[in-house]
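Report on the structure given below.
What follows draws every value from the coordinates through simple rules; no lab data is involved. Nothing here was measured: the structure is a model prediction, and the numbers come from that model. All Cβ positions, even for glycine, are placed from backbone atoms using ideal geometry, and neighbour counts span all protein chains on display.
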Ligand SMILES: *[C@@H]1O[C@H](CO)[C@@H](O)[C@H](O)[C@H]1NC(C)=O
């Protein structure tokens, strides 16, 4: 009787131990909570979770550096195509004021893609997170500048994109802040 009880308790204990120490479950949990942690500290929780969670599966690196790089790549993809759209004249308007606004936005998106995000990605590869933060900030300012050109008109063709670029840039900055604070060595 006593022996049976003991062995039952022992096997329950063993089962629990096995469940708790199966490595794949543990590592999945820790990745999820890293993403959660990062996004909770960012200024746009839902956008952060949605953007990073959907792209995460294609990547092997799920550390803070990997998340920062991924965010930059995603905003860069959006801004690059936006730049092409403006260049090709896909965004059309007859209003002369809007035409001028679009010319300013062309200049802004040219800076965002060919200067700031390019430099940010270069700096990311070198582990120079201070520069990453500066360039992400500068890219956000350019998107805001483009948006302000449409303030007086009723239609703002790039509003969603400008918001998106600004928000992803501030998410990038908040992720990079973690790297600057913890002084974690860059994994390249
Ligand atoms: C960029 O993102 C915004 C916001 O989600 C979206 O409205 C826009 O269509 C995107 N642009 C491109 C070229 O994917």
Practice prompt. At 7 Å along the Cα-to-beta-carbon direction for both residue 107 and residue 33, put a label point, then send me their distance in nm to one decimal.
Written response: 5.0 nm
Worksheet item: Say each of residue 145 and residue 118 gets a label point 7 Å from the Cα, pointing the same way as Cα to Cβ; how far apart are those two points in nm?
Response: 1.6 nm
Practice prompt. Can you pull the one-decimal nm distance between simple spin-label points at residue 152 and residue 84, each 7 Å off the Cα toward Cβ?
Written response: 3.4 nm
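Fewest first, what order do 62, 36 take by the number of other Cβ atoms within 10 Å?
Lowest count first: 36, 62.
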